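Undergrad: The structure is given below, and queries will be raised subsequently.
The values are calculated or read from the model by the stated rules, or taken from the named source; none is laboratory data. Being a predicted model, the structure only gives us computed values, none of them experimental. Methodologically, a virtual Cβ is constructed for each residue, glycine included, from the backbone with ideal geometry; neighbour enumeration extends over all protein chains shown.
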Amino acid sequence: MTTPLLKSGPPDRSINTLRHEIGLVGESPAIWQILETIEQVAPTDISVLIIGESGTGKELIAQAIHQLGNRHDKPFVVVNAGAIPEGIIESELFGHEKGAFTGAVGARKGYFEQADTGTIFLDEIGEMPLNTQVKLLRLLEGKEFIRVGGSSPKQADVRVIAATNRDLETAVRDGEFRPDLFYRLNAVNIRVPSLRERREDIPLLVKKFVTDFCSQNNIAFEGFSDGGMRLLKEHAWPGNIRELKNFVESLIVIERGRRIDEMVLQRHLPRSAEMDRRLPVPVNRSSDEVEREFIYRALVDLKNEIAQLRELLLGHYIAPPRRLKPGFPETPVIHEFGSDLAAAEANEKSGEPGEFESIENMEKRLIAEALERTNGNKRKAATLLKISERTLYRKIKEYNLPF
């Protein structure tokens, strides 16, 4: 069955209501296409195959189909077929009888029996072993299965929704997936776009993540600047919605609810974002021009990093990092050493030497502060400091820091 074409003009009211009911955030044409397909297939018992990269929200779509269907008040069972070892997957899916194998001290229902009269969501279906695929096909066609170690068939009235991040047509050609099972599952297919294919939805997703997270944790957050939001939209997000959600939530905590601008985001975005800004370099130039382009971009990045470091150091004198106080917006606090900064600037103008902190003490203090800001999370502290975890552990030991 071919996925229906997107209607021209604004979406009708029923589709708009559906979007809010299931929490599928977005205004891009691809999202409205998915919503229309969900609305059409939900009232039926037809099998659905959801295709998309990891982290794009395939399980959310499966839940929406179940909740809007005739089985909404029946069980919804989620199974990650790729996470179950091959030796026990049949027992997990179809159950087993007492004594079927060593350790089977009693009979056990499998996932299909648990989902009887409801819906089962088989995630990562492309990783299912071939011999298990045969038994799944039998269940889909005859609603019958046999427990491991059993002899009599059992019945299971289950709607099957499957999902994969693999190209199953290629897997069929390579002999890694049964063609008859593929055609059975692929009665209706829904392709979920990656986040980089619908960048216009990123601000809406960020708004939802911020609202939900701050509400659940009673945190006051000052929001993202326009430049910060632009960087979020430009980033590739290989982990898709899941990665964006985790990044936004951790950033709110690390930055203690402060407003997040472009400079702050540049310190926290994964290193791949910096590579994206440098590449690709146009190739319709001479080798000398390309080399100069690389050097120029590297110098611009170095200048930005120096500016960020200067801002960080000055911040220790003017406005030290604020502690996050859940539920209450914070007001900036002027540090008592503000006069020291004025004196230092006066010394700089007059040419008189002032007192400077040693590099060792400065390094120790910055490491301690990063660890404090991340609540002792060494991985996040290392990312904040832009050093490896191994280096961070060595520095903690060297400075005898209590973390």
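Undergrad: Within the stretch 207-252, how many residues are β-branched (Val, Ile, Thr) and touching a Pro at 6+ places or on another chain (Cβ under 8 Å)?
TA: Residues meeting the conditions: 1.
Undergrad: Show me the helices (runs of 4 or more DSSP H) entirely contained within the stretch 1-69 in which 1 or more residues are under 18 Å from ALA187 (Cβ atoms) and at pLDDT 90 or above.
TA: 29-41, 58-67
Undergrad: Moving on to the next point. Does the stretch 150-162 include one or more residues that are surrounded by fewer than 17 Cβ atoms within 10 Å (Cβ to Cβ), under 22 Å from GLY55 (Cα atoms), in the same structural domain as GLY82 (by TED's automatic domain parsing) and under 33 Å from the mean Cα position of the chain (by Cα)?
TA: No: the stretch 150-162 contains no residue that is surrounded by fewer than 17 Cβ atoms within 10 Å (Cβ to Cβ), under 22 Å from GLY55 (Cα atoms), in the same structural domain as GLY82 (by TED's automatic domain parsing) and under 33 Å from the mean Cα position of the chain (by Cα).
Undergrad: While we're looking at this one, here's another question. Assess whether GLY106 counts as being in the same structural domain as PHE76 (by TED's automatic domain parsing), farther than 17 Å from ILE50 by Cβ, in a loop (DSSP other than H, G, I, E, B) and in contact with a Lys or Arg (Cβ under 6 Å, 6 or more places away or on another chain).
TA: yes
Undergrad: Which one of these does ILE89 not meet: (1) closer than 27 Å to GLU21 by Cα; (2) under 30 Å from the mean Cα position of the chain (by Cα)?
TA: (1)
Undergrad: If you take the residues of the stretch 173-221 that are over 30 Å from ASN131 (Cα atoms) and small (Gly, Ala, Ser), which of them is surrounded by the most Cβ atoms within 10 Å (Cβ to Cβ)?
TA: Only one residue tops the list, namely SER194.
Undergrad: Part of a loop (DSSP other than H, G, I, E, B) and touching a Cys at 6+ places or on another chain (Cβ under 9 Å) - does that describe any residue in the stretch 193-202?
TA: Checked against the condition, which is being part of a loop (DSSP other than H, G, I, E, B) and touching a Cys at 6+ places or on another chain (Cβ under 9 Å), the stretch 193-202 yields no hits at all.
Undergrad: Consider ASN189 against the criteria (1) in contact with a helix residue (DSSP H, G or I) (Cβ under 7 Å, 6 or more places away or on another chain); (2) not in a loop (DSSP other than H, G, I, E, B): it satisfies all of them except one. Which criterion is unmet?
TA: It fails just one condition, (1).
Undergrad: Separate question: Identify, from the list ALA162, ALA187, ALA171, the residue that is among the hydrophobic types (A, V, I, L, M, F, W, C) and modelled with pLDDT of 95 or more.
TA: Criteria check complete, one pass: ALA162.
Undergrad: Exactly one of these conditions fails for SER152: (1) at pLDDT 90 or above; (2) in a loop (DSSP other than H, G, I, E, B). Give me its number.
TA: Checking SER152 against (1) at pLDDT 90 or above; (2) in a loop (DSSP other than H, G, I, E, B), the one that fails is (1).
Undergrad: Quickly run through the stretch 211-228 and pick out the residues that are of a type in the set (A, V, I, L, M) and in contact with a strand residue (DSSP E or B) (Cβ under 9 Å, 6 or more places away or on another chain).
TA: none
Undergrad: If you don't mind, there's one more thing I want to ask. Would you mention how many residues in the stretch 376-402 are within 26 Å of LEU265 (Cβ to Cβ) and in contact (Cβ under 8 Å) with a residue 24 or more places away in the chain?
TA: 8
Undergrad: Looking at the stretch 389-398, is at least one residue at pLDDT below 80, surrounded by 11 or more Cβ atoms within 10 Å (Cβ to Cβ) and of a type outside the set (Ser, Thr, Tyr)?
TA: Yes, that holds for at least one residue.
Listed here are the residues, each with its yes/no results for (1) touching a residue at least 12 places away in the same chain (Cβ under 8 Å); (2) touching a His at 6+ places or on another chain (Cβ under 6 Å); (3) over 25 Å from ALA64 (Cβ atoms).
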| residue | (1), (2), (3) |
| --- | --- |
| VAL134 | yes, no, yes |
| ILE146 | yes, no, yes |
| ALA163 | yes, no, no |
| ASP174 | no, no, yes |
| PRO179 | no, no, yes |
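Undergrad: Let me ask another. Being assigned to a loop (DSSP other than H, G, I, E, B) and surrounded by 16 or more Cβ atoms within 10 Å (Cβ to Cβ) is the filter here; which residues of the stretch 83-100 pass it?
TA: If the condition is that a residue be assigned to a loop (DSSP other than H, G, I, E, B) and surrounded by 16 or more Cβ atoms within 10 Å (Cβ to Cβ), then ILE84, GLY95, GLU97, ALA100 are the ones that fit.
Undergrad: If you don't mind, there's one more thing I want to ask. Which count do you get for residues in the stretch 213-242 that are closer than 22 Å to ASN375 by Cα and either free of Cβ contacts under 8 Å to residues at least 60 places away in the same chain or touching a helix residue (DSSP H, G or I) at 6+ places or on another chain (Cβ under 8 Å) (or both)?
TA: 8
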